[in-house]
Amino acid sequence: MFDIGFPELMLAAVVALLVLGPERLPGALRSLGLTLGRMRRAYYNVKTEVEREIGMDEVRRQLHNEQIMEDVKRVQQEVKAIGEEARIDPTIPKPEATPAPSSEATSGQGSPTAAAKP
């Protein structure tokens with residue numbers, strides 16, 4: 001991450017020992033460790049919260065998709081049932097076919113040429 005090696009850590013420790021002194025150095029290192037631990041815990045808490053939110057979004061999306069699929073299946077079953085009902089049932093009488101009016105009967109009404117024909 002920072003690419004800090006052992007020599008750099010030793011140099012920082014010597015400088016801290018010279019600046020703080022041997023009496024305050026253990027307390028400073030302890031408070032530094034506590035602060036780093038709090039920062040790490042805060043980072044992991046935020047990370048898990050974000051992952052949880054992302055997971056909830058995925059669960060919501062999946063539930064929504066499942067609800068849509070259930071609706072589609074229900075509509076398919078309704079259409080299938082209507083198709084079954086629409087099949088020809090022998091107990092239902094067929095509508096009588098009415099003959100189409102002939103062209104002579106309709107064109108000859110009230111026409112002077114139709115009356116002249118023998």
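All of the numbers you see were taken from the coordinates with simple rules; none came from a lab. These numbers were taken from a predicted model, which means no experiment stands behind them.
Before moving on, here are some points about what is shown:
- Extension gain (nm, one decimal) between residue 16 and residue 42, 0.36 nm per residue minus Cα-Cα: 6.7 nm
- Built from the Cα atoms of region 1-85, the convex hull projects on average onto 8.8 nm², one quarter of its surface area.
- Our estimate of slack between residue 3 and residue 64, defined as 0.36 nm per intervening residue step minus the Cα-Cα distance, is 17.3 nm.
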